[in-house]
Amino acid sequence: MDVLPHTSGDDRASARETETAAQVVRYLAGIMRDPLSPPVLPPRLEAVEGLRELASSLVEVSAFAVRLAEGDLSGTLPVRGAVAGSLKMLQGNLRHLAWQASRVAEGDFSQHVDFLGEFSQAFNAMVTKLGQAQATLRASESKYRQLAITDSLTGLYNLRYFFAIAEKEFRRALRHRRPVSIIMLDIDNFKSINDRHGHAVGDTVLREFSRNLGRTLRGADVLARYGGEEFIVLLPETGREAGVTVAEKLQKNVESCFIGLESGCLNITASFGVSSFATFSGNRLTAAEVMEQTVKRADQALYRSKNSGKNMVTFLAFGDASADGLGVGASRKMRTNAE
């Protein structure tokens, strides 16, 4: 007859404790698997001392860690301890990092991270590269913006940009009832310079001529290349007498300018046409129309200078229609044929 082994009361108590311990471990493991939906505390474990408090803390710590991993930095963690403290420090670092990233997005490339170990090195390297890229981009933008508004040969403003500035100045002149003048000028016999010395010398003449004009004009004056060997000047706050005086000064400076060539020095002259607008009473024209008419009169005055012997200054009043028919474009064609 078989005899069952004898089990003492102590052994049965030890077995129950082992089973309870295993259930506690399984319960806590369930919390770790899904802290956002933790398992319910089994009734038989409610009597385990401190288990409910431990489970509650573990749920809070684990759920907080999950939210951090998902990018939610808004939570709070009332639990204390080494693990909770580390998570709070991580949350603080991530919040600061998020703020720094927002500053970088707004163009502040002075932000650097001195926490999070290897990540800080990558972040700092990224910020440095972004700063360098932005500096390069700004330099390129400045370069192309300058190219868009200047004449490539002379470095002066191009005609499109000149008229954008001029229209604003004419609007201001009308609003404040202040005079404004236009000078148009043309290098005399420029075609013969190109024919005799070549286009490279012609380009040198245009560049030196432009520099001479720039040195002579006032800071508020606006100089642009009108086309070919022709130039245009805007004189803000300038009436007839002052406009003619500026043109005569330009004429004398050009006449006394000698351009050095390999074969010697080349002396050039230029012809000038001036017109001013200062009649505000009864004016019904827009700023653009006033500007167009003033430029037209200056161009017609320039034609008269070219047709009357060159190397001279001619003034034509805004309301003087005696030269009508010699407008912008037509006058330039006639001057070309005359030379």
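The values are calculated or read from the model by the stated rules, or taken from the named source; none is laboratory data. These numbers come from a predicted model, not from an experiment. Quick reminder, even Gly has a Cβ in these numbers, built from the backbone with ideal geometry, and neighbours come from all protein chains shown. Just so you know, the surface numbers come from the protein's heavy atoms only, side chains and all, with ligands and any DNA or RNA stripped out. Shrake-Rupley method; radii C 1.70, N 1.55, O 1.52, S 1.80 Å.
Structure notes:
- The set of residues in segment 31-41 being open to solvent by less than 40 Å² (accessible area, probe 1.4 Å) and more than 60 Å from the chain's Cα centre (by Cα) consists of Leu41 alone.
- Members of segment 123-132 found to be without any contact (Cβ under 8 Å) to a residue 24 or more places away in the chain and open to solvent by 60 Å² or more (accessible area, probe 1.4 Å), listed by number: Met126, Thr128, Lys129, Gln132
- Put simply, of Ser271, Ser192 the only residue that is of a type outside the set (Asp, Glu), over 17 Å from Pro179 (Cβ atoms) and surrounded by 15 or more Cβ atoms within 10 Å (Cβ to Cβ) is Ser271.
- Within segment 233-253, tally of residues that are open to solvent by less than 10 Å² (accessible area, probe 1.4 Å) and among the polar types (S, T, N, Q): 1
- Only residues that are assigned to a loop (DSSP other than H, G, I, E, B) and either surrounded by fewer than 11 Cβ atoms within 10 Å (Cβ to Cβ) or touching a residue at least 24 places away in the same chain (Cβ under 8 Å) (or both) were counted in segment 66-81, giving 8.
- Flag for Ile165 being of a type in the set (A, V, I, L, M, F, W, C), open to solvent by less than 30 Å² (accessible area, probe 1.4 Å) and under 30 Å from Phe280 (Cβ atoms): no
- Residue satisfying all of: in segment 321-339; over 17 Å from Phe231 (Cβ atoms) and open to solvent by less than 50 Å² (accessible area, probe 1.4 Å); modelled with the highest pLDDT among these: Ala323
- Filter result (under 15 Å from Arg211 (Cα atoms) and out of contact with any helix residue (DSSP H, G or I) (no Cβ under 9 Å at 6 or more places or on another chain)) within segment 138-159: Ser152
Table: residues versus (1) more than 53 Å from the chain's Cα centre (by Cα); (2) open to solvent by 60 Å² or more (accessible area, probe 1.4 Å).
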residue: Pro43; (1), (2): yes, yes
residue: Val48; (1), (2): yes, no
residue: Leu54; (1), (2): yes, yes
residue: Leu58; (1), (2): no, no
residue: Phe64; (1), (2): no, no
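- Residues (of a type in the set (Asp, Glu), loosely packed, with under 12 Cβ neighbours inside 10 Å and part of a loop (DSSP other than H, G, I, E, B)) located in segment 82-122: Glu106, Asp114
- Residue list for segment 274-304, restricted to those being among the acidic types (Asp, Glu) and open to solvent by less than 50 Å² (accessible area, probe 1.4 Å): Asp299
- Test: residue in segment 285-306 that is of a type in the set (Asp, Glu), touching a strand residue (DSSP E or B) at 6+ places or on another chain (Cβ under 9 Å), over 18 Å from Arg207 (Cβ atoms) and not in a loop (DSSP other than H, G, I, E, B): yes
- Residue match in segment 134-151 (condition: part of a loop (DSSP other than H, G, I, E, B), of a type in the set (Lys, Arg) and open to solvent by 60 Å² or more (accessible area, probe 1.4 Å)): no
- A single member of Ser281, Ser308 is closer than 15 Å to Asp186 by Cβ and modelled with pLDDT under 95, and it is Ser308.
- Test: Val180 is in contact with a Leu (Cβ under 8 Å, 6 or more places away or on another chain), open to solvent by less than 30 Å² (accessible area, probe 1.4 Å) and more than 23 Å from Val244 (Cβ to Cβ): no
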